[in-house]
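The structure appears below as structure tokens.
The values are calculated or read from the model by the stated rules, or taken from the named source; none is laboratory data. A quick note: this is a predicted structure, and the numbers were derived from the prediction, not measured. Counting neighbours? That spans all protein chains shown, and the Cβs are built from the backbone with ideal geometry, glycine included.
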Amino acid sequence: MQKIKNEKGITLIVLVITVIVLGLISIPTALKINDIIALNRITKFKDDFTILSETVSQVYPSDKSISTIGDVYNGDTSFCDNQNDGDTYYIINANQLSSDLFGKVESKMEALNFGKRNYGDLDATDDDVYIINGESRTIYYVGGFENASGQIIFRYPGNYTKINMQNFD
């Protein structure tokens, strides 16, 4: 009769338990990565509005008409919620805006993260564009952005008020 050799190694039960424990550890990590990606997208969205609003204010001071910023936007504006908005919206021509900024401060505008149509990309979807109101100068992203609570936002939240210049004379 032959003796069976006593071999040492990992049993199938230990291997299954190890895989389950590693799976449980990796789930929260994967969820945190999704949160990080979402936070990164929100940050890029806010950065675009900061870049655009600062550049517009430098290139188009309050006493200068904004009508040369780009073509008139004729699409849906039902999402535009600033009560001070006028009737005319313009598509922001990012290339022209950057060029105009360079003429004033010797610095180019940073590239936008969204709004590929603002650079003349004809393959971009029609809603991948930033527009600006001619009167209030409120900037909107036509494509909208879903925030963490699932709400679609079209502009960076802020307090916009119409300033009556006659009160300062």
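Checking each residue of the range 42-51 against the condition of being assigned to a loop (DSSP other than H, G, I, E, B) and hydroxyl-bearing (S, T, Y) gives no match. Restricting the first member to the range 67-85 and to residues that are touching a residue at least 24 places away in the same chain (Cβ under 8 Å), and the second to residues that are of a type in the set (G, A, S) and surrounded by 11 or more Cβ atoms within 10 Å (Cβ to Cβ), the beta-carbon pairs closer than 8 Å and six or more apart or on different chains are S67/G134; F79/G144; N82/S136; N84/S136; D85/S136. Of all residues in the range 108-120, one or more are charged (D, E, K, R), within 19 Å of S67 (Cα to Cα) and surrounded by 15 or more Cβ atoms within 10 Å (Cβ to Cβ). Summed over the range 129-147, the residues that are of a type in the set (D, E, K, R) and out of contact with any helix residue (DSSP H, G or I) (no Cβ under 7 Å at 6 or more places or on another chain) give a count of 2. Number of residues in the range 52-80 that are in contact with a Lys or Arg (Cβ under 9 Å, 6 or more places away or on another chain) and either surrounded by fewer than 13 Cβ atoms within 10 Å (Cβ to Cβ) or among the basic types (K, R) (or both) equals 2. Give I42, I25, I10 a once-over and let me know the one that is under 25 Å from V142 (Cβ atoms), surrounded by fewer than 17 Cβ atoms within 10 Å (Cβ to Cβ) and of a type in the set (V, I, T). After applying the criteria, what remains is I42.
Would you be able to say whether some residue in the range 91-112 is more than 16 Å from E54 (Cβ to Cβ), touching an Asp or Glu at 6+ places or on another chain (Cβ under 7 Å) and in contact (Cβ under 8 Å) with a residue 12 or more places away in the chain? Within the range 91-112 (the criterion being more than 16 Å from E54 (Cβ to Cβ), touching an Asp or Glu at 6+ places or on another chain (Cβ under 7 Å) and in contact (Cβ under 8 Å) with a residue 12 or more places away in the chain), the answer is yes, since at least one residue qualifies. So, Y130, is that one aromatic (F, W, Y), surrounded by 13 or more Cβ atoms within 10 Å (Cβ to Cβ), in contact (Cβ under 8 Å) with a residue 40 or more places away in the chain and more than 24 Å from I37 (Cβ to Cβ) or not? So Y130 fails the test.
Taking the criterion of being modelled with pLDDT under 80, assigned to a loop (DSSP other than H, G, I, E, B) and either basic (K, R) or at positive phi (or both), the residues of the range 98-152 that qualify are E106, K108.
All but one of (1) under 17 Å from T50 (Cα atoms); (2) in a loop (DSSP other than H, G, I, E, B); (3) not aromatic (F, W, Y) hold for S78, so report the exception by its number. It fails just one condition, (1).
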